[in-house]
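Report on the structure given below.
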Amino acid sequence: MNPRTADACITFEDLTVGYGSHAAVHHLTGQVPRGALLAVVGPNGSGKSTLIKCITGLLAPMSGTCHIAARTSLAYLPQQSELDCSFPARVVDLVALGLWRKRGLLGRHRAEDRGAVADALRAVGLDGFGRRPIDSLSGGQLQRALFARLLVQDADLILLDEPFNAIDEKTIRDLIGLILHWHGEGRTVVVVVHDLDLVRAHFPQALLLARRPIAWGPSAEVVTPQNMQRARQFQEAWDDDAPWCEPSPAPAGDVA
Amino acid sequence: MVDWVVAPFLEFAFMQRALAGALLLSLSACPVGVFLMLRRMSLTGDAMSHAILPGAAAGFLLYGLEIVPMTIGGLIAGAIVALGAGAVARLTVQREDASMAAFYLVSLAIGVVMVSLRGSSVDLMHVLFGTVLALNDDALWLIGLVAAVTLATTVLLWRALVGECLDPLFLRSVSGLGGVVHFVFLGLVVLNLVAGFQALGTLLSVGLMILPGAAARFWVNDAVAMCVASVGIGIVSSLGGLLLSYHASLPSGPAIILSAGVVYLVSLLAGPRGVLRPALPRRHHRTA
């Protein structure tokens with residue numbers, strides 16, 4: 001194991017993250033190479049969203065480190081967006097929020113920016129939806145609009161937390177197409193996914209979490225019945241009497 | 001008719017001053033009220049109007065009915081309550097509605113006790129209900145200054161204000177402005193309430209902030225248009241209220257708020273997004 005190699009985008013070193021004194025991700029070590037397309041899988045409550053929040057910096061590690069390569073811009077689509085759909089905004093206004101890092105608070109949105117927003121809407125299949133109020137969108141259309149915002153953000157590292165929940169098959173196919181396109185452009189993409197068929201079909205790498213890392217490597221070797229069985233056996237509930245974790249050599253979870 | 005509308009303002013300087021004050025206040029407070037409504041904080045505006053009372057009362061007790069000390073006192077009291085309630089909401093499990101209620105109730109009680117320590121109930125009425133017909137130069141300058149600061153801040157922070165309302169988690173993930181913009185906005189609320197209480201009193205200055213914005217929601221579905229519409233409604237209400245007060249000998253502050261209430265009611269019934277429109281039978285619909 002050689003932490004922080006030159007081509008690592010994210011490096012976890014003995015990372016433990018959680019809430020209060022309870023660990024949700026336990027002693028994770030490994031790295032996500034630049035340009036990787038990684039699926040994070042595992043049962044409910046296994047720490048997938050917590051790990052993503054830690055990578056974005058919204059949640060601080062309890063111990064260990066989560067290091068992101070210098071000069072990496074980051075885009076994040078949370079599982080539960082705090083988007084207020086009753087706000088009187090049009091679809092273009094929502095997508096144009098993605099220009100924030102480029103234009104900031106006061107930078108004027110130029111013709112090229114409006115072009116980028118229009119291109120993004122076309123790429124997600126929402127051509128002609130720009131002037132619609134956001135409260136008129138269906139769930140799938142809203143998810144497409146949020147993907148358009150990710151496109152506009154033009155980030156090196158893209159984190160998606162369960163982007164395919166309650167979305168129909170055609171939309172999933174289109175969104176997978178966008179993710180593969182990002183992968184082709186050399187961006188690093190980390191996606192929390194529940195559908196294991198999708199993982200086997202489209203994601204080269206997978207990380208199976210069950211609070212501690214169960215397996216990490218090529219999807220075909222990670223998503224196996226044996227591994228899934230092991231993952232299901234983990235203890236989801238918090239135990240206030242759980243023994244304190246003593247310092248010990250971290251189980252190496254990386255194959256990447 | 002023209003005489004009925006124009007004559008009072010041509011004839012009396014105090015009416016001109018009252019009109020100038022009310023128009024400036026509409027220009028400033030109404031857009032703030034639109035964002036209060038969009039952030040579901042309309043009642044926070046009401047709570048803040050109570051919260052500034054002890055500060056204004058302290059200024060009143062120490063210096064009498066003087067605009068500058070009462071304003072500074074109101075600003076300090078408002079800032080303490082806004083920052084205190086905001087900090088409790090951000091640092092503990094308690095939501096801002098509960099912490100705000102706790103802070104403003106204590107503040108209001110302190111204010112009433114302070115006013116009752118000295119002076120008659122007439123003084124209390126003055127602080128609570130204001131006198132738009134007795135605006136002096138100091139008060140007009142203050143309202144003008146507040147209007148300028150409010151408009152400039154709103155324009156500069158527009159993108160962050162919209163971002164904080166529309167998708168606060170996203171704003172936090174791309175910028176550190178989320179928390180800042182929240183407190184700057186609460187500051188604008190306090191500033192406008194303080195500017196308004198000389199004219200309309202602490203209880204009614206919130207009315208000119210909230211009612212036009214709430215009414216505008218029934219007409220348009222765009223943040224900029226809503227701000228413009230709310231200012232228009234505020235101006236019409238001010239004008240109507242002052243005329244009502246002049247001709248019917250009603251207290252001017254409540255008359256302005258009542259006019260705004262009438263506009264709200266009409267908007268609620270007749271606006272394109274109001275209650276009557278969906279009830280009307282639609283003869284045509286599009287295929288897609």
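Summed over the range A:53-63, residues that are under 16 Å from A:Arg211 (Cα atoms) and surrounded by fewer than 18 Cβ atoms within 10 Å (Cβ to Cβ) total 2. So which residues in the range B:199-221 are of a type in the set (Val, Ile, Thr) and away from chain A (no Cβ under 13 Å)? Of everything in the range B:199-221, those that are of a type in the set (Val, Ile, Thr) and away from chain A (no Cβ under 13 Å) turn out to be B:Thr202, B:Val206, B:Ile210. Taking the conditions (1) more than 14 Å from chain B (Cβ to nearest Cβ); (2) over 23 Å from the mean Cα position of the chain (by Cα); (3) among the aliphatic types (A, V, I, L, M) in turn, A:Leu126 satisfies each one other than (2).
Every condition in (1) out of contact with any His (no Cβ under 9 Å at 6 or more places or on another chain); (2) part of a helix (DSSP H, G or I); (3) closer than 30 Å to B:Ala225 by Cα holds for A:Trp182 except the one numbered (3). Considering every residue within the range B:224-236, establish whether at least one is of a type outside the set (Phe, Trp, Tyr), touching a strand residue (DSSP E or B) at 6+ places or on another chain (Cβ under 7 Å) and touching a residue at least 40 places away in the same chain (Cβ under 8 Å). No, every residue in the range B:224-236 fails to be of a type outside the set (Phe, Trp, Tyr), touching a strand residue (DSSP E or B) at 6+ places or on another chain (Cβ under 7 Å) and touching a residue at least 40 places away in the same chain (Cβ under 8 Å). In the condition set (1) in a helix (DSSP H, G or I); (2) of a type outside the set (Ser, Thr, Tyr); (3) buried (at least 17 other Cβ atoms within 10 Å of the Cβ); (4) within 11 Å of chain B (Cβ to nearest Cβ), A:Asp135 is compliant with all but (3). Among what's in the range A:153-180 and is more than 14 Å from every other protein chain (Cβ to nearest Cβ), touching a Gly at 6+ places or on another chain (Cβ under 8 Å) and not hydrophobic (A, V, I, L, M, F, W, C), pick the residue that is surrounded by the fewest Cβ atoms within 10 Å (Cβ to Cβ). Among them, the one singled out is A:Asp168.
For the range A:60-110, enumerate the residues that are more than 23 Å from the chain's Cα centre (by Cα), more than 10 Å from chain B (Cβ to nearest Cβ) and either farther than 25 Å from A:Asp156 by Cβ or not aliphatic (A, V, I, L, M) (or both). A:Arg108, A:Arg110, listed by residue number.
Mind listing just one residue for me: the one in the range B:149-163 that is in contact (Cβ under 8 Å) with a residue 24 or more places away in the chain and in a helix (DSSP H, G or I) and, of those, nearest to the other protein chains (Cβ to nearest Cβ)? Top of the filtered list is B:Val162. In the range B:6-19, the residues that are farther than 12 Å from B:Leu243 by Cβ form Cβ pairs under 7 Å with partners that are of a type in the set (Phe, Trp, Tyr), at six or more places apart or across chains, as follows: B:Gln16/B:Phe9. Here the helices (runs of 4 or more DSSP H) wholly within the range A:1-117 that include at least 1 residues being at pLDDT 90 or above and among the hydrophobic types (A, V, I, L, M, F, W, C) are A:48-56, A:91-96.
Among (1) farther than 20 Å from A:Val40 by Cβ; (2) within 14 Å of chain B (Cβ to nearest Cβ); (3) assigned to a helix (DSSP H, G or I), where does A:Leu150 come up short? A:Leu150 satisfies all of (1) farther than 20 Å from A:Val40 by Cβ; (2) within 14 Å of chain B (Cβ to nearest Cβ); (3) assigned to a helix (DSSP H, G or I) except (1).
The values are calculated or read from the model by the stated rules, or taken from the named source; none is laboratory data. Computed from a predicted structure; not experimentally measured. Cβ coordinates were reconstructed from backbone atoms using ideal geometry, including for glycine residues, and neighbour counts include every protein chain displayed.
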